[in-house]
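Read the structure below first, then the notes.
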Amino acid sequence: MTVYFFIIFLVCVLDQLTKLWAMDLVAAACSVPLEFLSEGMGFPVIDGVLNFTYITNDGMAFGWLDNNRWVFMLLSTVGIIAMLVYLFYLKGEGKLFCFSLALVVGGGIGNMFDRIALGYVVDFIDVRLFGFWKWVFNFADCAVCIGAALLILSVVLDYKKEKKK
């Protein structure tokens, strides 16, 4: 189980480090001190494909529940605690299932740290490759989405395995 603690810790640390790194890069590219960063400041990393754009989000994914910070923090905390309990006390699931939960929990805690410390989540990855995509996200969001996809895959694989028996 210590490997899953490490994954959670690693996701949290990488999330915070990438946010600080991106904010420093955006501030330098825009020639402003870090404390004067404002919404929408950014620069192209790969022209026409990827920008780093400084955005703050006080809601959840895609800005849902914005201006309801405490409601979302309560729901997130309950969800994170439930996944931790499931991961560490109700052992027995497969490695893929536990790995996926660790990614989701790590990402959730990484964003929760921002919500507690700043009152909002810092987002900066701005994919421009597809004309329909308009959301800006961060490393923690990636971990949560990848973890959720792997969780679904794990459940499907377990279902198929059980069905064969």
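Nothing in this text is a laboratory measurement; each read-out follows from the coordinates by a stated rule. In this text, all values refer to a predicted model and were calculated from it rather than measured experimentally. Glycine also receives a Cβ, built like all others from the backbone with ideal geometry; neighbour counts cover every protein chain displayed.
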**Message:** If the only charges are +1 at each Lys and Arg Cβ and -1 at each Asp and Glu Cβ, what is the size of the charge dipole of the chain around the Cα centre, to the nearest 20 debye?
**Reply:** 980 debye
**Message:** Given the options PRO44, LEU74, LEU153, identify the residue whose Cα lies farthest towards the positive end of the charge dipole of the chain (+1 on Cβ of Lys, Arg; -1 on Cβ of Asp, Glu).
**Reply:** LEU153
**Prompt:** In what order do MET112, MET73 fall by count of nearby beta-carbon atoms within 10 Å, going from fewest to most?
**Reply:** MET73, MET112
**Request:** For the chain, please report how many Lys pairs fall under 30 Å Cα to Cα, leaving out neighbours fewer than 8 apart on the same chain.
**Result:** 12
**Item:** For region 1-27 versus region 72-91, the gap between their alpha-carbon centres in whole angstrom
**Value:** 20 Å
**Message:** Past the 13 angstrom mark, what percentage of all C-alpha to C-alpha distances in region 111-165 do you count?
**Reply:** 71 percent
**Fill in**
Going from the fewest other Cβ atoms within 10 Å to the most, one would list SER154, SER76, SER100, SER31 as SER31, SER76, SER154, SER100
**Message:** What do you get for the angle between helix 69-89 and the principal long axis of the chain? Use alpha-carbon atoms, 0 to 90 degrees, nearest ten.
**Reply:** 40 degrees
**Message:** Under 5 Å between amide hydrogens, which residues at least 5 positions from MET41 or on another chain qualify, with H placed 1.01 Å from N in the peptide plane?
**Reply:** TYR54
